[in-house]
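To start, the structure itself, in structure tokens.
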Amino acid sequence: MFETLQDRLGSILNGLTGRGALSEADVAAALREVRRALLEADVALEVVRSFTDAVREKAVGAEILKSIKPGQMVVKLVHDELIAMLGSEGVPIDLNAAAPVVIMMVGLQGSGKTTTSGKIANRLKTRDKKKVLMASLDTRRPAAQEQLRQLGVQTGIDTLPIIAGQSPTDIAARAVQAARLGGHDVVILDTAGRTHIDEPLMIEMAEIKRKSNPHEILLVADALTGQDAVNLARNFDDRVGITGLVLTRMDGDGRGGAALSMRAVTGKPIKLIGVGEKMSELEEFHPRRVADRILG
Ligand code: GDP
């Protein structure tokens with residue numbers, strides 16, 4: 001396992017106990033270790049930079065207290081700043097709009113979009129007593145459409161019948177119409193992903209958005225995404241305009257740096273996290289826990 005940041009900072013800073021304030025040189029040495037820890041946790045480089053700048057500002061000149069070791073003091077500063085950057089906990093999905101409220105799920109193929117669509121629908125149904133309709137817009141992968149249909153059967157949630165040959169935007173419009181007629185409170189649009197971001201995907205997402213007027217656009221991303229996280233989040237946010245993030249595979253053994261990267265570049269809240277393959281394995285986001293995990 002990695003040496004904890006606390007240990008590393010302890011060996012650099014604890015000799016300073018009782019020596020006034022942290023100097024720029026002390027802080028620079030400490031920040032080198034913070035930077036290493038964040039990179040090991042897969043936080044994207046540009047986010048590591050802005051993060052360490054923010055910590056530097058708070059740490060230089062900070063008084064070294066007798067009651068707490070300087071290493072611990074800096075760890076606390078780093079921890080607090082991480083929590084502040086990760087944002088608030090328990091930001092709910094916003095259903096405050098005229099029914100049917102449209103939730104558009106976006107993300108790369110394999111990120112867990114379809115599974116998360118099912119999980120969110122299931123949660124809205126069982127916890128919030130909402131009537132939900134799910135629709136797959138992945139016209140290029142019949143298996144994906146079938147996967148959503150099966151999740152619907154498994155959870156007892158309506159799915160829009162598949163009509164071969166319809167375009168994603170037409171399916172989106174049909175889903176909203178069907179929800180209106182069916183008295184559904186919420187429509188979840190499970191859009192198509194690609195293995196990487198490309199122009200046609202972004203155009204398709206923008207068109208679906210225009211056609212369906214979603215109230216929430218949730219970017220689903222694998223928590224194990226490394227340096228790509230920034231690019232991914234920025235692209236979807238700039239081109240489609242996301243309202244929140246859902247990080248999947250938080251049950252994996254990654255350190256979850258992608259959470260910080262994506263939150264930092266978009267400023268959008270992490271609304272939920274996926275912690276397994278089962279429909280019930282969806283949880284609220286707790287910044288403190290993720291901060292602990294990033295620091296190891
Ligand atoms: P999509 O291509 O984005 O729709 O991705 P899928 O929903 O098909 O998910 C891809 C795989 O990841 C499936 O095997 C899911 O069961 C799995 N998966 C999705 N979310 C999670 C999660 O939170 N934890 C774990 N361990 N697996 C997940």
- Message: Out of everything in the range 178-196 that is over 14 Å from residue 103 (Cα atoms) and more than 20 Å from the chain's Cα centre (by Cα), what residue ends up being nearest to the ligand (Cβ to nearest atom)?
- Response: 178
- Query: Which one of the conditions (1) over 30 Å from residue 157 (Cβ atoms); (2) among the small types (Gly, Ala, Ser); (3) within 13 Å of the ligand (Cβ to nearest atom) does residue 107 fail to meet, given that it meets all the rest?
  - Reply: (1)
- Task: Of the conditions (1) within 14 Å of the ligand (Cβ to nearest atom); (2) among the acidic types (Asp, Glu); (3) in a helix (DSSP H, G or I), residue 170 clears all except one; give me its number.
- Result: (1)
- Query: Inside the range 236-279, can you point out the residues that are farther than 19 Å from residue 117 by Cβ and near the ligand (Cβ under 9 Å from one of its atoms)?
  - Reply: 252
- Query: Between residues in the range 96-113 that are over 17 Å from residue 209 (Cβ atoms) and of a type in the set (S, T, N, Q) and residues that are within 16 Å of the ligand (Cβ to nearest atom) and part of a loop (DSSP other than H, G, I, E, B), which pairs lie under 7 Å by C-beta distance while being six or more apart or on different chains?
  - Reply: 109/193; 109/194; 109/195; 111/193
- Query: Here are 152, 118: which of them is at pLDDT 95 or above, surrounded by 18 or more Cβ atoms within 10 Å (Cβ to Cβ), more than 12 Å from the ligand (Cβ to nearest atom) and part of a helix (DSSP H, G or I)?
  - Reply: 152
- Message: Looking at residue 76 and the list (1) farther than 25 Å from residue 286 by Cα; (2) among the basic types (Lys, Arg); (3) at pLDDT 90 or above, which single condition is not satisfied?
- Response: (1)
- Query: Does the range 259-296 hold any residues that are in a loop (DSSP other than H, G, I, E, B) and closer than 19 Å to residue 44 by Cα, and which are they?
  - Reply: 267, 268, 269, 296
- Between residues in the range 230-243 that are without any contact (Cβ under 8 Å) to a residue 60 or more places away in the chain and of a type in the set (S, T, N, Q) and residues that are surrounded by fewer than 21 Cβ atoms within 10 Å (Cβ to Cβ) and assigned to a helix (DSSP H, G or I), which pairs lie under 6 Å by C-beta distance while being six or more apart or on different chains? none
- Please verify whether the range 139-149 includes one or more residues that are assigned to a loop (DSSP other than H, G, I, E, B), modelled with pLDDT under 95 and near the ligand (Cβ under 10 Å from one of its atoms). yes
- Would you say residue 199 is away from the ligand (no atom under 16 Å from the Cβ), over 21 Å from residue 259 (Cβ atoms), more than 18 Å from the chain's Cα centre (by Cα) and modelled with pLDDT under 95? yes
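The values are calculated or read from the model by the stated rules, or taken from the named source; none is laboratory data. In this text, all values refer to a predicted model and were calculated from it rather than measured experimentally. Virtual Cβ from ideal backbone geometry, glycine too; neighbours counted across all protein chains shown.
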